[in-house]
Amino acid sequence: MLRIARFSTSCTVLGPGKRGVVWFQGCERKCPGCTAPETWSKDAGSEISIHHLVRAFVEIPRLEGLTFSGGEPFLQAKGAARLAEECRKIRPEFSFIAFTGFTLEELLKEENPDHLRLLANLDILIDGPYRQEEHQNLLWRGSKNQRVWFLTPRYEREWKPRLHETAIRMEMEMNDQTIHFMGIPPKNFRDNFREITRNLGLEELK
Ligand code: SF4
């Protein structure tokens, strides 16, 4: 089982191509300005079986792969690695990306077997916590300290030259009375978004 905040089967702003995204529940960092504070509590969100998630993603046509966001995916590294491995058995062409508040050096230094197993399944790692004082709208990142690591050569040639592009890439997804945003928002977006959704009579979640 995994504890997640939510998942989406169609996102084009959190990595190359059309991707599934899993927002993991639980993060201990509490970075000021974090755009997803509802993912901090380890008790919130909901439990979902890896099997259920695999079925939800592998049947989506033209899906490039999955992105793990959060919350902190590496707090559930064993389950995230298994999710990647089970998906690849059915869709071997899937790629995998993870966002993390850890640095790659920290993950490697610990030699935690679950962390290493998740890293071994990834094509791209975006590392480091969000730092409000270093905010910048970079490709897939919200602050300058965050780095994009190409752990396999799959996307390096096409995407490495684009890493310094500054752009805001976001998508909205609406289910019933709840609106979710996906992507890396501009500074203070969350407060403005809250006001807009309130004015429209909608509930707002990441
Ligand atoms: S590491 Fe990411 S999810 Fe966790 S508090 Fe920082 S910005 Fe938010």
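Where a number appears in this text, it was derived from the coordinates with a stated rule and is not lab data. None of the values given here were measured: they were computed from a predicted structure. Methodologically, a virtual Cβ is constructed for each residue, glycine included, from the backbone with ideal geometry; neighbour enumeration extends over all protein chains shown.
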Charge-dipole axis of segment 1-81 as Lys and Arg at +1 and Asp and Glu at -1 on Cβ define it, positive-most pick from Trp40, Leu2, Ala56
Ala56
The chain, relative contact order [Cα under 8 Å, separation at least 6], %:
18 percent
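Using the Cα centre as the reference, give the magnitude of the dipole from point charges on the C-beta atoms of segment 105-161 (Lys, Arg: +1; Asp, Glu: -1; all else neutral), rounded to the nearest 20 debye.
On the way: 9 positive and 11 negative charges, 56 e Å.
About 280 debye.
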Give me, ordered by chain and number, the residues 5 or more places off Phe102 or on other chains with an amide H under 5 Å from its own placed amide H.
Gly128
So what J values fall out for segment 138-150 if you push phi through Karplus, 6.51 cos²θ - 1.76 cosθ + 1.60 with θ = phi - 60°, rounded to Hz, Gly and Pro as x?
9, 3, 6, 9, x, 9, 5, 6, 6, 10, 9, 10, 8
Could you identify which residue out of Leu66, Leu119, Leu151 has the top mean-square fluctuation in a GNM of the chain using Cα springs shorter than 10 Å?
Leu151
Classified through the alpha carbon gyration tensor (a ≥ b ≥ c as square roots of its eigenvalues; rounded if a/c is under 1.5, else prolate when a/b is larger than b/c, else oblate), the chain comes out rounded
Estimated 222 nm signal from helices in the chain, with DSSP H stretches of n ≥ 4 weighted -39500 (n - 2.57), rounded to 500:
-7000 deg cm²/dmol
Taking the chain as a Gaussian network, Cα atoms linked when under 10 Å apart, which of Asn137, Asn175, Asn188 shows the biggest mean-square fluctuation?
Asn175
Here the percent of antiparallel bridges among DSSP beta bridges lying wholly in the chain, to the nearest 5, is 60 percent
What's the long-distance tail for segment 138-180, i.e. % of Cα pairs beyond 15 Å?
57 percent
Determine the dipole magnitude for segment 2-167: charges of +1 sit on the beta-carbon of Lys and Arg, -1 on that of Asp and Glu, nothing else is charged, the reference point is the Cα centre, and the result goes in debye to the nearest 20.
380 debye
What residues have an amide H closer than 5 Å to that of Phe24, excluding those fewer than 5 places away on the same chain, when H is modeled at 1.01 Å from N in the peptide plane?
Ala5, Ser69, Gly70
Top of Arg194, Arg141, Arg82 by mean-square fluctuation, Gaussian network on the chain, Cα under 10 Å:
Arg194
Cα centre as origin, Lys/Arg/Asp/Glu Cβ charges: segment 1-71 dipole, Debye:
120 debye
Counting Lys +1, Arg +1, Asp -1, Glu -1, what net charge surrounds Pro16 among other residues with beta carbon under 13 Å of its beta carbon?
+3
What lysines could a cross-link reach from Lys30, if we take a straight Cα to Cα line under 23 Å and drop same-chain neighbours fewer than 8 places away?
Lys42, Lys78, Lys109, Lys144, Lys187, Lys206
Dipole of the chain, positive end: most advanced residue of Thr197, Pro16, Ile168 [Cβ charges, Cα centre]:
Pro16
